[in-house]
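The values are calculated or read from the model by the stated rules, or taken from the named source; none is laboratory data. Note that the structure is predicted; figures quoted are calculated from it, not measured. Note that we place each Cβ from the backbone using ideal geometry, even for glycine, and neighbour counts take in every protein chain shown. What goes into the accessible areas is simple: the full protein's heavy atoms, side chains included, and nothing from ligands, DNA or RNA. Shrake-Rupley method; radii C 1.70, N 1.55, O 1.52, S 1.80 Å.
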Amino acid sequence: LGAAKEYIGIDAGGTLIKVAHETPDGAVRFHKFGTAGLAEAAAWAASREEAAIALTGGKAAPLQALIGRPANHLVEFEATCSGVRWLMRRDGLEQDSFLLTNVGTGTSIHHVDGERHRRIGGTGVGGGTLVGLSAMTTGVKEFDEIVRLASEGKRDDIDLLVRHIYEGSTPPIPGELTASNFGRWLQTGGSDRPENVLASVVGLVGETVATVSVHAAGQCGASCVMYIGSSFIRNELLRKVVAGYTELRGSRAVMVRDGEYSGAVGALLSLKRGGAA
Ligand SMILES: Nc1ncnc2c1ncn2[C@@H]1O[C@H](COP(=O)(O)OP(=O)(O)OP(=O)(O)O)[C@@H](O)[C@H]1O
Ligand SMILES: [Mg+2]
């Protein structure tokens, strides 16, 4: 491995396959393969005969079987935490202690403190919920289409805000907080517009993720939540909901650039450290 000039880290997750590729000129490139891309990703990696390969994620084992030559294997959470540190350093965001929330198919939450990291927990509400609940309620199944429509929607007739409950008086907590996601549906008759329903689905997912993260941050004494995961890709609305809600609840939110590649970067770094194949 020490002699390799090319390094490939692959994070094969429940939905997407993320690749960090260091080419012989030392540049690190990112790309991903779609939902049904396991064979395609394996063929791509296998064709780079000179490259050292490291794998992580829930689908690492079936991917390894398809690649057909030995690769390094990493525990997903270790890869994710070391990778996100590299991305943070690249962007001048270094911090000692922070909360890391990975909004993948599901959502997992870690506390990173210096070299140590601990899994705090998570929630089953994540990117898979975003697409599943969107498809169920509106029939729209494509992630990009869900995001595009959601960004044109209004949540007013669907979600119940604190100020709706405290109409005419001063609420004890910010009136713009959601009191009940989808909780206004019966009072107003809801909405026929898929855009509005999708905006509320994004709201439900984003607010749940942010709320769980803020609580975990409080528990760990961390003031900042780093958000990563493909659910944020070209998804300005989810970013806004998550960052806005995190800050409204008193923590700092950072959306890590290329954060969805954290696991892949961590896998790549394991090769550069000369880990055994
Ligand atoms: N092109 C796409 N196709 C499908 N989902 C996408 C796409 N782009 C973004 N997403 C969103 O990203 C989510 C998957 O995120 P991510 O790739 O971080 O998870 P994963 O690593 O595959 O899953 P996990 O880590 O939970 O095993 C999807 O559930 C969906 O909401
Ligand atoms: Mg993942």
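Report summary: the helix-based calculation at 222 nm, which adds -39500 (n - 2.57) for every DSSP H run with n ≥ 4 and divides by the residues of the chain, gives -12500 deg cm²/dmol. Which of the three applies to the range 190-277, rounded, prolate or oblate, going by the alpha-carbon gyration tensor with a ≥ b ≥ c and a/c under 1.5 meaning rounded? It is oblate, given that a/c is not under 1.5 and a/b is not larger than b/c. Remark on the chain: Rg and Dmax equal 20.3, 72 Å (Cα only). Which angle between 0 and 90 degrees, to the nearest 10, do you get for helix 236-248 versus the longest principal axis of the chain when only C-alpha atoms count? Relative to the chain, helix 236-248 is tipped by roughly 70 degrees. Across the range 27-118, the fraction of Cα-Cα pairs farther apart than 16 Å, rounded to a whole number, is 63%. Past 19 Å, Cα to Cα: identify those pairs from 18/141; 18/240; 5/272, in the order given. Where the Cα-Cα span goes over 19 Å, the pairs concerned are 18/141; 18/240.
A simple rule links phi to the HN-Hα coupling: the Karplus curve 6.51 cos²θ - 1.76 cosθ + 1.60 with θ = phi - 60°, which for the range 22-38 gives 9, 7, x, 7, x, 7, 9, 10, 10, 8, 9, 10, x, 3, 9, x, 4 Hz, with x for Gly and Pro.
Phi angles across the range 139-153 convert, under the Karplus curve 6.51 cos²θ - 1.76 cosθ + 1.60 with θ = phi - 60°, into 3J(HN,Hα) values of x, 7, 10, 7, 3, 4, 6, 4, 5, 5, 5, 4, 6, 9, x Hz, Gly and Pro given as x.
The charge dipole of the range 111-246, taken about its Cα centre with unit charges on the Cβ atoms of Lys, Arg (+1), Asp and Glu (-1) only, comes to about 320 debye. Solvent-accessible area of the range 131-256 (1.4 angstrom probe, protein heavy atoms only): carbon and sulfur portion equals 51 percent.
Of all DSSP bridge pairs formed entirely within the chain, close to 65 percent run antiparallel.
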